[in-house]
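The values are calculated or read from the model by the stated rules, or taken from the named source; none is laboratory data. A quick note: this is a predicted structure, and the numbers were derived from the prediction, not measured. Methodologically, a virtual Cβ is constructed for each residue, glycine included, from the backbone with ideal geometry; neighbour enumeration extends over all protein chains shown. Side chains included, ligands, DNA and RNA excluded: accessible areas come from the protein's heavy atoms. Shrake-Rupley method; radii C 1.70, N 1.55, O 1.52, S 1.80 Å.
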Amino acid sequence: MTGPRSPLFTSARRAPRGGWRRAARIVGILLVAGALVALATILFLWRYADSQIDRIDLPALAKDAQTDAQLVEPTPDTLNVLIVGTDSREGLSEEELLRLGTEEVDGNRTDTIMLVQVAPARPRAVVVSFPRDLRVDVPGEGVAKINGVHNLGGPNLLAQTVQGYTGVAIDHYVEVDIAGFVQLTDAIGGVEVCLESAMEDVYAAVDLPAGCSLLDGYQAAGFVRARRTVDSFGRDDFGRIARQQYFIGQAMDKVTSAGTLLNPVKLKNLIDVVADSITTDKDLSATDMLRLANALKTIGLEDVEMRMVPGFWKAPYIYAYPEQAEALFQSLRDGTSLPDVGLTQPDELVASDVSLAVLNGVGSEGLAAQFGSFIEARGFRVLEVGNADSFEYTNVVVTFTEENRPKAELVAEFVPGAELRVVPTIDLDVDVLVVVGSDWSAGQ
């Protein structure tokens, strides 16, 4: 005998078929609405990014200017971006300068100059770095080191110089100073770097242990600026360039893995910091920046198409090897595979190449010997220690002949505030003569 059916069972059996259709339509409408809201949010943020970033007019990037200069027109969909990091300390407090291991300096030179190319014929971006002492012809100025061009005529002159030197038409320009770099790093919650051995450079205010460390903005600035250390990345400017490439890859991995680009709140916060930290040409769009960021996120020391303009040292410049450099630049102009050139490290000047005589310019007992020990610990060769003809020196005076200017400048990098003094001859058989003044202390 069959009992009475439950009300619930009866209701389910008798539910009208049209109810499911209505529910499906409601879900579909909600999904479409959600997609439209997401699209509107993305479009808003893209327009917001375009409106917030500080932009400058660079006549050198105009197509008519590039045509007049007879630059090669890039292949379709190729993107050439000049990325510059300057040593400007503008806006930094004394405390911030101290944390960065630096001091207030005049001018605005370029610590980093990279030409980044994204081309459809290549799976990865190409990054070509320019050694800071590279000898270039500067329009209207003559011959100069490339790192001083920005100080001579700003971003436009630098872009004009790089275009003339390489024959590559630059599409866009991006510049960040030290303060901006610190802000950007902190905005993404720091960047992790992993080192095979400990790294220390007192002049870049960086002291990191072996293994992995999460760097804040100040530590990161020291990491990418360091030149007075030898580690798995290399030495001098080549090592610094390698560290910069590695850091870019780590930073992009951090941004993408954290879902920042897909989170409207995180993305807006990042855009605010970026807008306050970088300067671009007036035509660089948010879409271009996203494309560039997507290409750069795969950068790593082992798989990046990284090149340095190949050259050799001959005081006071690095001179490019003409044939190798031209082959490199031709591949950039064509957007094709890079030749096996541009990998040669310039024959960089190192401390052990420099011989010194150190003289006591104050009269305090043992001062010259103290300075000699200080500078020898940095790798320089001290051949003679003695007293100066006067004990009235205040500054540390680095004396040299013109042919040894690069060696004197290298010494001065280890002695903040040192005075460089060129003379016709030095009586002693050394490259550089240093007179130690009262302002120097062994602890600096």
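Tabulated values for the structure
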{"quantity": "P(r) weight above 25 Å for the range 301-430, C-alpha pairs, percent", "calculated": "42"}
{"quantity": "Diffusion coefficient, µm² s⁻¹, Stokes-Einstein with Kirkwood Rh over alpha-carbon pairs of the range 130-180 at 20 °C and 1.002 mPa s", "calculated": "188"}
{"quantity": "Note, ³J(HN,Hα) from phi for the range 278-285, Karplus 6.51, -1.76, 1.60, rounded to Hz, x at Gly and Pro", "calculated": "10, 10, 10, 5, 5, 9, 6, 8"}
{"quantity": "Bins of 10 Å, starting at 0 and running to the largest distance - Cα pair percent for the range 174-235", "calculated": "23, 53, 23, 1"}
{"quantity": "Per-residue ³J(HN,Hα) for the range 359-375, Karplus 6.51 cos²θ - 1.76 cosθ + 1.60, θ = phi - 60°, Hz, x for Gly and Pro", "calculated": "10, 7, x, 10, x, 5, 4, x, 5, 5, 5, 4, 5, x, 5, 4, 6"}
{"quantity": "For K282, distant residues with modelled amide H under 5 Å away", "calculated": "I56, L58"}
{"quantity": "Under-5 Å amide H pairs with L420, H placed in peptide plane, nonlocal only", "calculated": "V398"}
{"quantity": "Gap separating the Cα centres of the range 59-78 and the range 149-175, nearest whole Å", "calculated": "12"}
{"quantity": "Fraction of accessible area attributable to carbon and sulfur, the range 352-418 (%, probe 1.4 Å)", "calculated": "43"}
{"quantity": "Additional length obtainable on full extension of the chain from E376 to V72, 0.36 nm per residue less Cα span", "calculated": "104.5 nm"}
{"quantity": "Order by protection proxy (mean Cβ within 10 Å, highest first), peptides 361-373, 160-172, 53-65, 399-411", "calculated": "160-172, 399-411, 361-373, 53-65"}
{"quantity": "Model label zone, D429; criterion: amide N under 11 Å from point 7 Å along Cα-to-beta-carbon; scope the range 386-415", "calculated": "none"}
{"quantity": "Full-stretch length increase - V422, E141 - with 0.36 nm per residue and alpha-carbon distance subtracted", "calculated": "98.9 nm"}
{"quantity": "Computed label-point distance, nm, for sites C212 and E365 using a 7 Å Cα→Cβ extension", "calculated": "5.5"}
{"quantity": "Two-decimal Rg/Rh across the range 393-444, once Rg and the Kirkwood Rh are taken from alpha-carbon atoms", "calculated": "0.96"}
{"quantity": "Whether the range 353-444 is rounded, prolate or oblate, judged on the alpha carbon gyration tensor where a/c under 1.5 counts as rounded", "calculated": "rounded"}
